[in-house]
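**Student:** Take this structure first; my questions come after.
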Amino acid sequence: MSARLVARRYAKAFVEIGIAQGQLHQLQGELTRVVDLVREHADLRRVVENPLFPPRQKAQVFGQLLGQIGAAETLRQFFRVVAESARMGLIFEIEASVRDLVDARAGILDAHVASAQPLSEGQTRSLVASLGARTGKTIRVRWRQEPALLGGLKVQVGSTVYDASLQGQLRLLKTQLLSA
């Protein structure tokens, strides 16, 4: 079974527990805070990623850490299960999957937008409105500058890519000319 699928299963269980307890957003916030701590501290990252640390030792380390930061008992139990199942290496993927599931539950979609130049506020609003009407969801824009596009923009929403870049148009024109 792929790591992504395993992480998604843990994330789904996490979200279901959070919903059942009425603490989903609190638990998600605490999970994100712990994962950020792991990203920021090389020693914690080594504990998570190194297979030489036994699962019980990882569970103890995270039990102490979660106790020190005052994490909810549910989060402590979740990390204990993840650690003892030898799945601590998946916490980054689990946290990302939790974020995706919570966003999907709230009707939020990420739109990854690449453009040669930054979009104006009006352009961003227009793009969000257009994508929202097309998908029926609330759109959150994740923008990055990509000078290679020359002009226009490229938008990815889920698995759908809309290429309205000058580079994409030139590539399409080249294909049409070569096939004619």
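**Student:** So which residues in region 51-88 are assigned to a helix (DSSP H, G or I) and farther than 23 Å from residue 5 by Cα, if there are any at all? Walk me through it before giving the result.
**Tutor:** Start the filter on region 51-88 by keeping residues that are assigned to a helix (DSSP H, G or I), which leaves 55-68, 73-84, 88.
Hits for region 51-88 are 56, 57, 60, 61, 62, 63, 64, 65, 66, 67, 68, 73.
**Student:** Further question: Look through region 116-134, keep the residues that are outside any helix (DSSP H, G or I) and without any contact (Cβ under 8 Å) to a residue 40 or more places away in the chain, and return whichever of them is surrounded by the most Cβ atoms within 10 Å (Cβ to Cβ). Break it down into steps so the answer makes sense when it comes.
**Tutor:** From region 116-134, those outside any helix (DSSP H, G or I) are 116-120; that's our starting set.
Now restrict to residues that are without any contact (Cβ under 8 Å) to a residue 40 or more places away in the chain: 117-120.
Working: 117: 13, 118: 9, 119: 15, 120: 9.
Only one residue tops the list, namely 119.
**Student:** Can you pull out every residue in region 1-38 that is of a type in the set (Lys, Arg) and more than 18 Å from residue 49 (Cβ to Cβ)?
**Tutor:** The first filter runs over region 1-38 and keeps only residues of a type in the set (Lys, Arg), leaving 4, 8-9, 12, 33.
Passing the criteria: 8, 9, 12, 33.
**Student:** Which ones in region 135-165 are in contact with a strand residue (DSSP E or B) (Cβ under 6 Å, 6 or more places away or on another chain) and in contact (Cβ under 8 Å) with a residue 40 or more places away in the chain?
**Tutor:** If the condition is that a residue be in contact with a strand residue (DSSP E or B) (Cβ under 6 Å, 6 or more places away or on another chain) and in contact (Cβ under 8 Å) with a residue 40 or more places away in the chain, then 153, 154, 155, 156, 157, 165 are the ones that fit.
**Student:** Determine, yes or no, whether residue 164 is outside any helix (DSSP H, G or I) and in contact with a Leu (Cβ under 6 Å, 6 or more places away or on another chain).
**Tutor:** Working: outside any helix (DSSP H, G or I): yes; in contact with a Leu (Cβ under 6 Å, 6 or more places away or on another chain): yes.
Yes.
**Student:** A further question follows. Any residue that is at pLDDT 90 or above, surrounded by 14 or more Cβ atoms within 10 Å (Cβ to Cβ) and in contact with a Lys or Arg (Cβ under 7 Å, 6 or more places away or on another chain) - is there at least one of those in region 138-155?
**Tutor:** no
**Student:** Mind counting the residues in region 85-116 that are of a type in the set (Asp, Glu) and out of contact with any helix residue (DSSP H, G or I) (no Cβ under 9 Å at 6 or more places or on another chain)? Break it down into steps so the answer makes sense when it comes.
**Tutor:** Let us first name the residues in region 85-116 that are of a type in the set (Asp, Glu), namely 93, 95, 100, 103, 110.
Restricting the remaining residues to those that are out of contact with any helix residue (DSSP H, G or I) (no Cβ under 9 Å at 6 or more places or on another chain) gives 103.
The qualifying residues number 1.
**Student:** Let me ask something else about it. Show the residue pairs that are 6+ apart or on different chains and have beta-carbon atoms under 9 Å apart, the first residue being within region 20-47 and touching a residue at least 24 places away in the same chain (Cβ under 8 Å), the second being among the acidic types (Asp, Glu).
**Tutor:** From residues that are touching a residue at least 24 places away in the same chain (Cβ under 8 Å), the pairs are 28/95; 31/95; 32/95; 34/95; 35/95.
**Student:** Scan region 154-177 and give yes if some residue there is under 30 Å from residue 44 (Cα atoms) and either outside the structural domain of residue 28 (by TED's automatic domain parsing) or aromatic (Phe, Trp, Tyr) (or both), otherwise no.
**Tutor:** no
The values are calculated or read from the model by the stated rules, or taken from the named source; none is laboratory data. Model, not experiment: these values are computed from the prediction. Glycine gets a Cβ as well: all are built from the backbone with ideal geometry, and neighbour counts include every protein chain shown.
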